[in-house]
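Notes follow the structure.
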Amino acid sequence: MSNKIAYLGPKATFTDLAVSRLFPHATKIPMTTIPGCLDAVQEGEANIAVVPIENAIEGSVNITIDYLIHEVQLPIKGEVTIPISQHFMVHPNHATSDFKPEIIYSHPHALAQCHKFLYREWKGIPREEVTSTAAAAKLVHDHPDQNIAAIANEVAAEEYGLTIVNENIHDYVYNHTKFIVVSNEEIDFQGHVTVECGWKTTLMVTLPSDYTGALHQVLSAFAWRKLNLSKIESRPLKTGLGNYFFIIDVEMALDEVLIPGVIAELEALGCTVSILGSYPSFAVENSVKKEAVQEN
């Protein structure tokens, strides 16, 4: 039976591209928000959700982390990293040399990723945030009479019949986004991902409030076992100022000795530890142009 996959839509978002690489034959269900994707799995509307978790330029997607921790209990089953190319596009009716947009639409991360271009080329032009880059492209398509523009990918331009005026406008060449796959089921990855990067185990750790040097002790539990950590990040527990939990990525699959030993040691210190997932990591071959984006 085909997988039903909830993803941040509409069609032709970067999340849609990630789904197509991991699950080329799946039934895709576009959602308007990241919480909506996760709720769809929690409520049985879909059996898998694919959502962004981190961008190389803008950092973590906090709504994804917070919703997984505070609202739903869905294990991470995999992750994929894909290159991100942002383009400036308009309706074909306005693809003229003297066009000046009244508003530029895109996802907030995309707007931030293209800050230098926007400052250089369209300083003072209002920017409006929407739920996804594809939603911005669709908005421009649906309003051909308005002098508006979008920042999105080339698939969105093709899908919504827009003209790309400026290519690769992101500030940094290495612009990648990581997406996670969450599900209550075991996942068979049979897509066209080009590189398998090994396994990860992601832990959530809450420190005891009355233990001096607790974070140092937490890191020591990994260090003396020679476990490599690729990420450690704090997020508020939402129970009061100064109360945080930590997300820790360990560069190995969950085993029977080392990671359980870490968890036992941390719990002995008074920490609360949860396993958010142990999963394979994939990457799509980098198709981003090698030349640097010009800054002037």
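Every read-out reported here was derived from the displayed coordinates using simple, explicitly stated rules and does not represent laboratory data. Computed from a predicted model, the values in this text were never measured in an experiment. Because the Cβ atoms are built from the backbone with ideal geometry, glycine has one as well, and the counts that use them run over all protein chains shown.
Brief remarks follow.
- Efficiency of FRET from Cβ geometry, N243 and H216, R₀ 25 Å, rounded to 0.05: 0.85
- Pair H70, K123: separation of 7 Å Cα→Cβ label points (nm): 3.8 nm
- Over all distinct Cα-Cα pairs of the range 200-278, the Kirkwood formula returns a hydrodynamic radius of 12.7 Å.
- Listed from fewest to most Cβ neighbours within 10 Å, the set S220, S209 follows the order S209, S220.
- Every helix of 4 or more DSSP H residues in the chain counts as -39500 (n - 2.57), and over all residues that averages to -7000 deg cm²/dmol at 222 nm.
- Database remark: amide H of E54 closer than 5 angstrom to the amide H of V61, K178 (H placed geometrically; neighbours at sequence offset of 5 or more, or on other chains; Pro and chain starts carry no H).
- Under the Karplus curve 6.51 cos²θ - 1.76 cosθ + 1.60, θ = phi - 60°, whole-Hz ³J(HN,Hα) for the range 57-71, x wherever Gly or Pro sits: 9, 9, x, 5, 8, 5, 4, 5, 4, 5, 5, 5, 7, 9, 10
- For the listed peptides 227-237, 20-30, 101-111, a ranking on the average number of other beta carbons within 10 Å per residue, highest first, reads 101-111, 20-30, 227-237.
- Karplus 3J(HN,Hα) series, Hz, for the range 159-164 with 6.51 cos²θ - 1.76 cosθ + 1.60 (x for Gly, Pro): 4, 10, x, 9, 9, 7
- Calculated P(r) tail over 34 Å for the chain, as whole % of Cα pairs: 28 percent
- The antiparallel fraction among DSSP beta bridges confined to the chain stands at about 75%.
- The residues M204, M89, when put in order of fewest to most other Cβ atoms within 10 Å, stand as M204, M89.
- Rounded to the nearest 20 debye, the dipole magnitude of the chain is 380 debye, with +1 charges on Lys and Arg beta carbons, -1 on Asp and Glu beta carbons, and the Cα centre as origin.
- Exposure proxy order (Cβ contacts within 10 Å, fewest to most) of R225, R127: R225, R127
- Measuring nothing but how far apart in sequence close Cα pairs (under 8 Å, 6+ apart) lie, relative to its length, the chain scores a relative contact order of 24 percent.
- Remark: the T32-E267 segment gains 80.7 nm on full extension, using 0.36 nm per residue and subtracting the alpha carbon distance.
- Amide H to amide H distances under 5 Å link F189 with no residue, where only residues 5 or more positions off or on other chains count and H is placed in the peptide plane.
- Farthest toward the positive end of the dipole of the range 87-166, out of C114, S97, L139, is the Cα of C114, where the dipole comes from beta carbon charges about the Cα centre.
- Counting only residues at least eight positions apart within a chain, or on another chain, the lysines with an alpha carbon under 22 Å from that of K123 are K100.
- All C-alpha pair distances within the range 1-124, sorted into 5 Å bins from zero, spread as 2, 9, 18, 20, 17, 13, 9, 7, 4, 1, 0 percent across the bins.
- Pairs from the table (K77/K238; K28/K138; K28/K178; K116/K226; K138/K178; K11/K178) lying more than 29 angstrom apart at Cα are K116/K226.
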